[in-house]
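Data first, discussion second: the structure below is written as structure tokens.
The values are calculated or read from the model by the stated rules, or taken from the named source; none is laboratory data. Computed from a prediction, not measured in an experiment: that's the story for all the values here. So basically every Cβ, Gly included, is an ideal-geometry build from the backbone, and we count neighbours across all protein chains shown.
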Amino acid sequence: MKDKKLTKGNYIFIGSMLFGMFFGAGNLIFPIHLGQLAGSNWLPAAIGFLITGTLLPLLAIIAISITKSNGIYDLAKPISKKYATIFMILLCATLGPLFATPRTATTPFQIGFAQHLSASQTPIALFIYSLIFFGITWAFARKPGEIINSIGKLLNPAFLILLAIIFGFSFMSPMGKASGQATTSAYQHASFLNGFLQGYNTMDCIAGLLFGIAIVTIIRNLGPKDPANIAKATAKSGLISITLEAIIYLILIWIGATSLEYFKVSADGGIAFSQIANHFMGIPGEIILAIMATLTCLTTSIGLSTSFAEALHTRFPKISYAKWNAFTCLLSFLIANLGLDQIIAWSLPMLMFVYPLAITLIALSILSPLFKKARIVYIMTTLFTLIPALLDGITSAPAIISASAWAKALLKIDSYLPFASYGMDWVIPAILGFIVGLIILGFQLAMGRSNKTIVSQTN
């Protein structure tokens, strides 16, 4: 049977769904905060942020398309099946019930409601809010085939309308000129690199790997069955959502920089966004912000829960999709009640560890046709990346870990690695590992081993 071609409307709806899945808690508050930190250097910082916040997620989707895989496990399997399973579980836990999904509830609560509550009222209010929030998430995520309707057609347009209101006020009556604002010390000479690292907090790069299963499933349900056609549809839809996200990021970063005319650099983007909304519209502005934050984080929560349950059900089919969905929603609810500060404090070291491994995996997947998906290239690149990524994770961990004697002794290695002070010490080792892998591959081929044999080691 001939594949049914997708219409322009299908692409728009899929792109809208992807945008709703990507754009969540961190995507709303981190760009605003970045603008305040960068001040007059907001543009180079924004470019760095866009690379990790938009380009890498798009490349993750393209990697899935090129390799015709269904997600994280298939992409990492050339390294080894055990590594692929461990890495998939690690990313699923990070994006699922341990960090990202609980943050989708605590962030809108923090920026929309917590500031109006006393310390004694906050715990019970968070309990009730997160219970309702994850109850809705569970209900929408029960049927993954309907996610395009729930996110693309209903929740996402509502969010865009509310966001447009904030943008409209900012353009009609800007708070100041971004070019004339003060710049914090870290962004005076390394604004691009700091913006690049700030993009880690969105978690969109690793989210792109997790969303692969949901994307492929939805596109298949709309008509295309051939892997090549699914790959093209995935790339086109991803480009639509990432372009929209990039435009919104630029505006948010610019607004954050202009806000310095009236406000000092805030502790986080949630506080800054609340101040900006109040500046333009008073209490109604804060209400709009609370609704907007809840909607955008709810769409991401639905996408994360769906992808988490799909990924683990596919890998461990004895446990049903419904049970995985209920598990992630329940655990996310429990962890959300620990509070936003605790979630962020423990998520940062995990991100500093997994992001380099995810970036190199995406790059290897895209480049894999050049070296015929040879296992040795995957292994050497990953091994060379693993140690500096682990050191970055330890450096970023709370003091109970990073200030321990064993951690200090281990982190002495970091001083010998280039770009360690910028949190980019994994780049040179990753490149060296890739080159070493190619050299070994060339030696293996020269010794008479067939390329077919080398590739077959991945299976």
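Figures for the structure shown
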| quantity | calculated |
| --- | --- |
| Subset of segment 90-134 (residues that are under 21 Å from LEU312 (Cα atoms) and either in the same structural domain as LEU386 (by TED's automatic domain parsing) or free of Cβ contacts under 8 Å to residues at least 12 places away in the same chain (or both)) | ALA93 |
| Residues satisfying the stated conditions in segment 338-352, i.e. buried (at least 17 other Cβ atoms within 10 Å of the Cβ) and over 15 Å from GLY26 (Cβ atoms) | GLY339, PRO349 |
| Per-region count, segment 68-85, residues within 12 Å of LEU361 (Cα to Cα) and touching a Lys or Arg at 6+ places or on another chain (Cβ under 8 Å) | 4 |
| Checking THR360 against (1) assigned to a helix (DSSP H, G or I); (2) over 18 Å from the mean Cα position of the chain (by Cα); (3) not aromatic (Phe, Trp, Tyr), the condition it does not meet | (2) |
| Output for segment 74-92, where each listed residue is modelled with pLDDT under 90 and surrounded by fewer than 22 Cβ atoms within 10 Å (Cβ to Cβ) | ASP74 |
| Selected residue (only one of MET203, MET175 is touching a residue at least 24 places away in the same chain (Cβ under 8 Å) and under 22 Å from PHE280 (Cβ atoms)) | MET175 |
| Identity of the residue in segment 105-121, out of contact with any Leu (no Cβ under 7 Å at 6 or more places or on another chain) and crowded, with 24+ Cβ neighbours inside 10 Å, that ends up nearest to LEU210 (Cα to Cα) | ALA105 |
| Residue that is aromatic (Phe, Trp, Tyr), buried (at least 22 other Cβ atoms within 10 Å of the Cβ) and either over 30 Å from THR107 (Cα atoms) or in the same structural domain as SER65 (by TED's automatic domain parsing) (or both), where the choices are TYR378, TYR355 | TYR378 |
| Leading residue by the ranking (surrounded by the fewest Cβ atoms within 10 Å (Cβ to Cβ)) among those in segment 282-326 that are farther than 28 Å from ILE111 by Cβ and of a type in the set (Phe, Trp, Tyr) | PHE316 |
| Hey, ILE86 part of a helix (DSSP H, G or I), without any contact (Cβ under 8 Å) to a residue 40 or more places away in the chain and more than 24 Å from the chain's Cα centre (by Cα) or not | no |
| Residue list for segment 97-113, restricted to those being more than 11 Å from MET203 (Cβ to Cβ), part of a helix (DSSP H, G or I) and either touching a helix residue (DSSP H, G or I) at 6+ places or on another chain (Cβ under 6 Å) or of a type in the set (Phe, Trp, Tyr) (or both) | PRO97, PRO102, ALA105, THR106, THR107, PRO108, PHE109, GLN110, ILE111, GLY112 |
| In segment 6-50, residue surrounded by the most Cβ atoms within 10 Å (Cβ to Cβ) [restricted to those that are small (Gly, Ala, Ser) and over 16 Å from LEU163 (Cβ atoms)] | ALA38 |
| Subset tally (residues that are of a type in the set (S, T, N, Q) and modelled with pLDDT under 85) for segment 267-290 | 1 |
| Of residues in segment 179-196 being modelled with pLDDT of 90 or more and not polar (S, T, N, Q), the one surrounded by the fewest Cβ atoms within 10 Å (Cβ to Cβ) | ALA182 |
| Criterion violated by PHE327 - all others in (1) touching a residue at least 40 places away in the same chain (Cβ under 8 Å); (2) of a type outside the set (Gly, Ala, Ser); (3) not assigned by TED's automatic domain parsing to the domain that holds THR122 satisfied | (3) |
| Failed item, numbered, when LYS68 is tested on (1) surrounded by fewer than 23 Cβ atoms within 10 Å (Cβ to Cβ); (2) touching a Cys at 6+ places or on another chain (Cβ under 6 Å) | (2) |
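Here's the yes/no breakdown for (1) under 28 Å from LEU163 (Cβ atoms); (2) among the polar types (S, T, N, Q); (3) without any contact (Cβ under 8 Å) to a residue 40 or more places away in the chain:
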position	(1), (2), (3)
ILE215	yes, no, no
ILE219	yes, no, no
PRO224	no, no, no
THR234	yes, yes, no
GLY238	yes, no, no
ALA246	yes, no, no
